[in-house]
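The next block holds one structure in the form of structure tokens; read it before the comments.
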2 protein chains.
Amino acid sequence: VTRATVDRERVVVIGAGFGGLAAARALKGAPFDVVVVDANNFHTFQPLLYQVATAGLDDDDIAYPARGIFRRQHNVGVRMARVTAVDLAERTVHLSRGEPLRYDVLVLAAGAVTATYGVEGVEQYAFGLKSLDDALALRAHIVERFEEAAIEPEIIDDGALTVVVCGGGPTGVELSGALGELFQKVLARDFRDVDVRRARVVLVEAADRLLGTFTPRSSERARTTLERRGVEVVVGVGVEKLDATSVQLSDGRRIPAHTVIWAAGVQASSLANVLGAETTRGGRLLVEADLSLPGHPEVFAVGDIAASPGPDGQLLPQVAQVAIQGGRHVARQLVRRRAGQSTEPFRYRDKGSMATIGRRDAVTELPNGWRFSGTIGWLAWLGLHLVYLIGFRNRANVLVNWAWNYLTYDRGSRILAESDRERIAGG
Amino acid sequence: VTRATVDRERVVVIGAGFGGLAAARALKGAPFDVVVVDANNFHTFQPLLYQVATAGLDDDDIAYPARGIFRRQHNVGVRMARVTAVDLAERTVHLSRGEPLRYDVLVLAAGAVTATYGVEGVEQYAFGLKSLDDALALRAHIVERFEEAAIEPEIIDDGALTVVVCGGGPTGVELSGALGELFQKVLARDFRDVDVRRARVVLVEAADRLLGTFTPRSSERARTTLERRGVEVVVGVGVEKLDATSVQLSDGRRIPAHTVIWAAGVQASSLANVLGAETTRGGRLLVEADLSLPGHPEVFAVGDIAASPGPDGQLLPQVAQVAIQGGRHVARQLVRRRAGQSTEPFRYRDKGSMATIGRRDAVTELPNGWRFSGTIGWLAWLGLHLVYLIGFRNRANVLVNWAWNYLTYDRGSRILAESDRERIAGG
């Protein structure tokens, strides 16, 4: 924001996730001064959070400093602060530190958080998987349970080595597969003094199949692959409540489990509510066809926080591609407006869906009807993620190394400091 | 400890540092059951802590899970717990969790901690650099100061971007050089909105030259190189006291500084004191020539916790090589005793000293009188550290990657989560 002149408009982007970054990057060279605001100083590559949680990758493999991303883009500044309020009338964003930011254009890209749906115990006892902190806390918790079981094997009966994953969408499926492998391939070798065969991963999905947005054939494929890899899959059963050491299912079963992961859904960032604008049931902001806020053409919402209607009238899914394309769309509209043109409606191009089920196995569905699974599906998944990661890291070396780590599990990411334990115990 | 029989003796090793690991590894195949106890579940490669603190490496590059190290050595078990007491008479180690451990042989390798020498303010305000937590806290603190300065530039006058490093030994020299580079090569590009030229690194040493254990020529070389790289070097001046935002020197100067690192010395782990055995002024355990405790031939002390006399009657330095060689020596003595032989005195083989002064510059002194500096000294330093790291990681890939990261600084290790800030604020 160093070169602000009367001619340049100031764009404040809230959130350094996929949507916010895409908008800021697409404004490269355009006559706008952009400020990206985020509570963290880095972008989190959320699709790979489950790998950090399962010790396949380390935190800095999927986190990249926001300032590093914009090093060569001189019209973007970064501010590390929380947004405390947005004054739409005054066109001002209030922050947890520093002066409020005045804007000409505001891009709301604050993302989503875990939705508990009011299920008893989720807030207190379950782990989410929406942030790097979530992933690191989960990893430390799981490793700590194994260290405890090495000292007091009787706690295994109580569920110390049982992980229940609630939610059979892509996150739940990927996480379950990775957990099964972590237990069998890594921890079983580390913990010779623990009967790791007794460690359980249970994946619970309320609907009648996994991966509800995929074809039934992919759902079946995911289920059989997970089961072959030792994951217990329970479908058509809800979670009624949970406490520190067990999960109560709607069919009356009670599963002793010291670790519960809540991957059953998300809701829009609370920022959507503080705006006083209209939201959906999931807290998402209702937007016009061009992604602007009704009555506020200078405010746009993109990604998980926005309720953008797709071609079939359904809301677009809360996935990275919608955020990225939405961010770029908004940048294009700003440029059009400066040129005196009217804005266009946002048109989402579905690039397909994919979910890994574990090492060397994934299901991939393209919009043209093509389906891949097994090793080819996994390679497609890998290639896609590498392409998107490379956008942030720009270094083939990291990608090779990352693929290597992922294939071999030969990495030290399961370290657990005494201070981690204290933090868990305290929290 | 699964195959304990009447024939096998149980060796309890306290500490998974260089000394403890060397002892346990050297007992491979010997008729001993070994238990390594450490509060963390990993080994920390301490000589590279300063690189984690300065964002050159990430934590898991220098931390390796203890269980991973002993995966293929079946006579070693690992227990993650703190030692609360040692009962020499009952030959029992009491732990923070789990049953007490009985031993036939005890190896004390608990290392050292930062010594404050009673200087006012060090305990409360200075950062140490003895653990991974220290390094990560320091890194988060420094990056946070820059984020704050981006929002409130006036705090730079107050010392927000000034780091004072107390202690001009190898740690202080290496850290100062790396900090200077972090500021000028990395953060200056990240923080276009901060006048990073005003960031200062001040290295303070009470003696009249840096690197007191090296030759005066190496000391001079270190000083000129650091100064050329922007580090202010102050020698012959002590630190009188410090608070949250300044350092008071013995010559009357007061340096405004929001970050103070205490690298002025270490003292033996408090475990040495709880034993009730005789210690030196620095808290190190007095030992016999074979490294056993006087009156306790079944107890050995190695590394930083031990006061082992060198050939010249001086105590051996508290460096990795002394610990590694000490650990191996103890393992050999245990095998000798089992064979009915007497123990031998510990003979330390000095392999030389080295300190990096920054990228592509280091001073290396070999015991045969050879001296290297500049790029050759740095390559020697690099080679040596790679050899020792490879012992733990066994993977050329990591080393190449690591060297690459180090050369290019192209790595995302300067991430700062909101939770880090809270932890700093809370602590």
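Here are the numbers for this structure:
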quantity: Residue list for the range A:107-140, restricted to those being more than 13 Å from every other protein chain (Cβ to nearest Cβ), under 12 Å from the mean Cα position of the chain (by Cα) and polar (S, T, N, Q); calculated: A:Thr114
quantity: Residue in the range B:157-168 that is outside any loop (DSSP other than H, G, I, E, B) and open to solvent by 10 Å² or more (accessible area, probe 1.4 Å) present; calculated: no
quantity: Any strands (runs of 3 or more DSSP E) falling wholly within the range B:1-106 and containing at least 3 residues that are within 14 Å of chain A (Cβ to nearest Cβ); calculated: B:32-38, B:42-44, B:63-65, B:76-80, B:92-95
quantity: Single residue of the range A:260-269 satisfying the filter (open to solvent by less than 50 Å² (accessible area, probe 1.4 Å) and in a strand (DSSP E or B)) that is nearest to A:Gln248 (Cα to Cα); calculated: A:Val260
quantity: Failed item, numbered, when A:Asp193 is tested on (1) within 21 Å of the chain's Cα centre (by Cα); (2) surrounded by fewer than 24 Cβ atoms within 10 Å (Cβ to Cβ); (3) of a type in the set (Asp, Glu); calculated: (1)
quantity: Residues that are open to solvent by 60 Å² or more (accessible area, probe 1.4 Å) and either under 21 Å from the mean Cα position of the chain (by Cα) or over 17 Å from B:Trp262 (Cα atoms) (or both), drawn from the range B:196-205; calculated: B:Arg197, B:Arg198
quantity: Some residue of the range B:313-334 being in a strand (DSSP E or B), of a type outside the set (Asp, Glu) and buried (at least 17 other Cβ atoms within 10 Å of the Cβ); calculated: no
quantity: Lone qualifier among A:Ala16, A:Ala53 - being hydrophobic (A, V, I, L, M, F, W, C), out of contact with any Cys (no Cβ under 6 Å at 6 or more places or on another chain), modelled with pLDDT of 85 or more and under 23 Å from A:Phe346 (Cα atoms); calculated: A:Ala16
quantity: Single unsatisfied condition, A:Asp304 versus (1) part of a helix (DSSP H, G or I); (2) more than 30 Å from A:Thr343 (Cβ to Cβ); (3) charged (D, E, K, R); calculated: (2)
quantity: Count of the range A:198-224 residues which are in contact with a helix residue (DSSP H, G or I) (Cβ under 7 Å, 6 or more places away or on another chain) and of a type in the set (Phe, Trp, Tyr); calculated: 0
quantity: Residue under evaluation A:Val143, criteria (1) modelled with pLDDT of 95 or more; (2) within 14 Å of chain B (Cβ to nearest Cβ), criterion not met; calculated: (1)
quantity: Residue within the range A:83-100 that is modelled with pLDDT under 95 and under 22 Å from A:His258 (Cβ atoms) present; calculated: no
quantity: Selection within the range B:296-307 - more than 19 Å from B:Arg82 (Cα to Cα) and surrounded by fewer than 24 Cβ atoms within 10 Å (Cβ to Cβ); calculated: B:His296, B:Pro297, B:Glu298, B:Ala307
quantity: Search result, residues across the range B:186-211 that are in a loop (DSSP other than H, G, I, E, B) and either away from chain A (no Cβ under 14 Å) or in contact (Cβ under 8 Å) with a residue 24 or more places away in the chain (or both); calculated: B:Phe191, B:Asp193, B:Val194, B:Asp195, B:Ala199, B:Ala206, B:Ala207, B:Asp208, B:Arg209, B:Leu210, B:Leu211
quantity: Residue in the range B:382-391 that is surrounded by 21 or more Cβ atoms within 10 Å (Cβ to Cβ) and either free of Cβ contacts under 8 Å to residues at least 40 places away in the same chain or farther than 21 Å from B:Gly172 by Cα (or both) present; calculated: no
quantity: Residue list for the range B:240-255, restricted to those being in contact with a helix residue (DSSP H, G or I) (Cβ under 8 Å, 6 or more places away or on another chain) and part of a strand (DSSP E or B); calculated: B:Leu242
quantity: Residue list for the range A:69-92, filter: surrounded by fewer than 19 Cβ atoms within 10 Å (Cβ to Cβ) and touching a Phe, Trp or Tyr at 6+ places or on another chain (Cβ under 6 Å); calculated: A:Arg91
quantity: Residue in the range A:176-185 that is within 20 Å of A:Arg139 (Cα to Cα), of a type in the set (D, E, K, R) and open to solvent by 20 Å² or more (accessible area, probe 1.4 Å) present; calculated: yes
quantity: Number of the condition not met by B:Leu138 [criteria: (1) within 30 Å of B:Leu48 (Cβ to Cβ); (2) open to solvent by 10 Å² or more (accessible area, probe 1.4 Å)]; calculated: (2)
quantity: Residue in the range A:115-123 that is of a type in the set (Gly, Ala, Ser), open to solvent by 40 Å² or more (accessible area, probe 1.4 Å) and at pLDDT below 95 present; calculated: yes
quantity: Which listed residue, of B:Ile357, B:Ile305, B:Ile376, is free of Cβ contacts under 8 Å to residues at least 24 places away in the same chain and not polar (S, T, N, Q); calculated: B:Ile376
quantity: Verdict on B:Leu95 being out of contact with any helix residue (DSSP H, G or I) (no Cβ under 9 Å at 6 or more places or on another chain), under 30 Å from B:Leu293 (Cα atoms) and surrounded by fewer than 23 Cβ atoms within 10 Å (Cβ to Cβ); calculated: no
quantity: Test result for A:Val12, open to solvent by less than 10 Å² (accessible area, probe 1.4 Å) and over 17 Å from the mean Cα position of the chain (by Cα); calculated: yes
quantity: Of residues in the range B:212-229 being in contact with a strand residue (DSSP E or B) (Cβ under 7 Å, 6 or more places away or on another chain) and part of a loop (DSSP other than H, G, I, E, B), the one most open to solvent (accessible area, probe 1.4 Å); calculated: B:Thr213
quantity: Residue under evaluation A:Ile255, criteria (1) in contact with a strand residue (DSSP E or B) (Cβ under 6 Å, 6 or more places away or on another chain); (2) open to solvent by less than 30 Å² (accessible area, probe 1.4 Å); (3) farther than 24 Å from A:Val12 by Cα; (4) at pLDDT below 95, criterion not met; calculated: (4)
quantity: Tally, over the range A:270-295, of residues that are buried (at least 16 other Cβ atoms within 10 Å of the Cβ) and at pLDDT 95 or above; calculated: 9
quantity: Restricting the range A:335-365 to residues that are over 21 Å from A:Arg8 (Cβ atoms) and over 22 Å from the mean Cα position of the chain (by Cα), the residue that is surrounded by the most Cβ atoms within 10 Å (Cβ to Cβ); calculated: A:Phe346
quantity: Residue, surrounded by the fewest Cβ atoms within 10 Å (Cβ to Cβ), within the range A:147-156, restricted to residues that are within 14 Å of chain B (Cβ to nearest Cβ) and part of a helix (DSSP H, G or I); calculated: A:Glu154
quantity: Condition met for A:Leu242 (within 14 Å of chain B (Cβ to nearest Cβ), under 21 Å from A:Asp134 (Cβ atoms) and crowded, with 16+ Cβ neighbours inside 10 Å); calculated: no
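The values are calculated or read from the model by the stated rules, or taken from the named source; none is laboratory data. What you are looking at is a predicted structure, and each value in this text was computed from that prediction instead of being measured. Using ideal geometry, Cβ is built from the backbone for each residue, glycine included, and neighbour counts are taken over all protein chains shown. Please note that ligands, DNA and RNA were not included when accessible areas were found on the heavy atoms of the full protein model with its side chains. Shrake-Rupley method; radii C 1.70, N 1.55, O 1.52, S 1.80 Å.
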